[in-house]
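The structure appears right after this line, and notes come after that.
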Amino acid sequence: MQKKTRKTIFAVLATALCASMFTACGGSHTVAFNAFWHKNVNVPNLGTEKLTYNVTFEEDSGLGFGYSVKNATGTYTTLLTAYDNDEGKLTYRYETQLNINIVYEFGDQQAAFDDSVSSVVVFESATESLKPISSEKKIVSHSPANTTATKLEDCYNKYEVEVKSDYKTKKSVVKTTLNDKTDATSTTTATIQSEENYTQVDNEQLFLALRGLNPSAAGSSTLLVYAPFSGAAQQVGVSFSSEKSKNFTFVMNSAEQTNEITYYPVTLSLNEKYSGAAQSLQIAKAVDPLNNTYRNVILQYEVPMALNLGTLTYTLTQAEFMQ
């Protein structure tokens, strides 16, 4: 895959819930996870959880490239399945699907596209540090172009990309296959930093992993995340702020409810050369981990679009929790 293509795909992934990453110092940065997505954290029953989010868009001024994004709205769903593998070990399969309509405007002309991003990641239980086993992602996206537009077609670049990562080869090696539908398929093997120093998760399971952190213990934490489009493992900064409370309305287990929910504001920070903006989330607090009503669900989060073109807001509208 050409270097220019990879850089543009980073912008696509920022829109499509890609992990924010930053570089930190050495030393030990391991964290512990809890299965807060179960009603009783100590009794991880088998079953499924389905979450649905409404995606809205707030336009921003952009960076002076002569075009704007007028719309980027849609739906985002996640499906988490807990099951026993062939060896009888608790295993999770986490599937996500983003469907979004994006509209570019250049002068009095517009172009609209229906984009999609889907992913599937399989990983071990919380007691096994959510160790990833495999992941795959498919993207059909019209990414904002990092160039001055002279016509409507200059505003975006179309990409159809598939990526698969396999963690089963060796403890510290992940094999990735990239296929961007235009270039030849490429295979990348990345060496992952020792697990003694960092807790490792796959990029596609990051948002679920955040639900498994204990804010009082995690505070400001570092996770090691494999990002296949860079072919390397990088560090994610996670910062929990003091808890807050407000009303949230969504359908929970088939009944629409409006409840005051205590949540933690969470920030994901990026500290690389091309840093971009931080992502912000609101994660429900486990008031009683043995009877966890809201399962530490992500209630809302904001993802800045590339090139300062706007902000996507994901708001929970429906939750079918597992026991």
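The values are calculated or read from the model by the stated rules, or taken from the named source; none is laboratory data. Predicted, not measured: the structure shown is a model, and the values here were computed from it. Cβ: placed from backbone, ideal geometry, glycine included. Neighbour counts: every protein chain shown.
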_Cross-chain or 6+ apart pairs with Cβ under 6 Å, the range 114-137 first and within 18 Å of P44 (Cβ to Cβ) and of a type in the set (K, R), then surrounded by fewer than 21 Cβ atoms within 10 Å (Cβ to Cβ) and at pLDDT 95 or above_ = K131/E124
*A32 versus (1) crowded, with 20+ Cβ neighbours inside 10 Å; (2) within 22 Å of V238 (Cα to Cα); (3) modelled with pLDDT of 70 or more: which is the lone unmet condition?*
(1)
*Is it the case that some residue within the range 39-62 is in contact with an Asp or Glu (Cβ under 8 Å, 6 or more places away or on another chain), surrounded by 18 or more Cβ atoms within 10 Å (Cβ to Cβ) and of a type in the set (V, I, T)?*
no
_Condition first: farther than 23 Å from N203 by Cα and part of a strand (DSSP E or B). Now tell me which residues in the range 85-102 satisfy that._
N101, I102
_Conditions (1) crowded, with 19+ Cβ neighbours inside 10 Å; (2) at pLDDT 90 or above; number of the one not met by L270_ = (2)
*asked:* Going residue by residue through the range 150-158, is there one that turns out to be buried (at least 16 other Cβ atoms within 10 Å of the Cβ) and among the charged types (D, E, K, R)?
replied: yes
*Search the range 129-139 for residues being hydrophobic (A, V, I, L, M, F, W, C) and crowded, with 18+ Cβ neighbours inside 10 Å, and hand back the single one that is farthest from L213 (Cα to Cα).*
I139
*Answer yes or no: is there a residue in the range 182-203 that is surrounded by 16 or more Cβ atoms within 10 Å (Cβ to Cβ), at pLDDT 95 or above and assigned to a helix (DSSP H, G or I).*
no
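Among the residues of the range 40-50, is any hydrophobic (A, V, I, L, M, F, W, C) and closer than 29 Å to V140 by Cβ?
To start, the set of residues in the range 40-50 that are hydrophobic (A, V, I, L, M, F, W, C) comprises 41, 43, 46.
Filter once more, so that each one left must be closer than 29 Å to V140 by Cβ: none.
Scanning the range 40-50, I find no residue that is hydrophobic (A, V, I, L, M, F, W, C) and closer than 29 Å to V140 by Cβ, so the answer is no.
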*Can you name the residue in the range 103-128 that is in contact with a Pro (Cβ under 9 Å, 6 or more places away or on another chain) and in a strand (DSSP E or B) and is also surrounded by the fewest Cβ atoms within 10 Å (Cβ to Cβ) among such residues?*
E124
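Conditions tested, residue by residue: (1) among the charged types (D, E, K, R); (2) closer than 30 Å to A233 by Cβ; (3) at pLDDT below 95; (4) more than 22 Å from the chain's Cα centre (by Cα).
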| residue | (1), (2), (3), (4) |
| --- | --- |
| S61 | no, no, yes, yes |
| T78 | no, yes, no, no |
| R93 | yes, yes, no, no |
| L98 | no, yes, no, no |
| I102 | no, no, no, no |
| V122 | no, yes, no, no |
*asked:* Can you find a residue that is without any contact (Cβ under 8 Å) to a residue 12 or more places away in the chain and touching a Ser or Thr at 6+ places or on another chain (Cβ under 9 Å) anywhere in the range 79-97?
replied: yes
*May I ask you to list pairs of residues, at least six apart or on different chains, whose Cβ atoms are under 9 Å apart, with the first in the range 290-303 being under 15 Å from N45 (Cα atoms) and the second being modelled with pLDDT of 95 or more and of a type in the set (D, E)?*
R295/E49
*For the range 230-248, indicate whether the set of residues that are closer than 25 Å to N42 by Cα, in a loop (DSSP other than H, G, I, E, B) and touching a Ser or Thr at 6+ places or on another chain (Cβ under 7 Å) is non-empty.*
yes
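Of all residues in the range 63-84 being under 23 Å from N308 (Cβ atoms) and hydrophobic (A, V, I, L, M, F, W, C), which is surrounded by the fewest Cβ atoms within 10 Å (Cβ to Cβ)? Give the derivation first.
Narrowing the range 63-84 to residues under 23 Å from N308 (Cβ atoms): 63-74, 76.
Narrowing the set further to residues that are hydrophobic (A, V, I, L, M, F, W, C) leaves 63, 65, 69, 72.
Working: L63: 13, F65: 18, V69: 23, A72: 23.
Filtering first and then ranking leaves L63.
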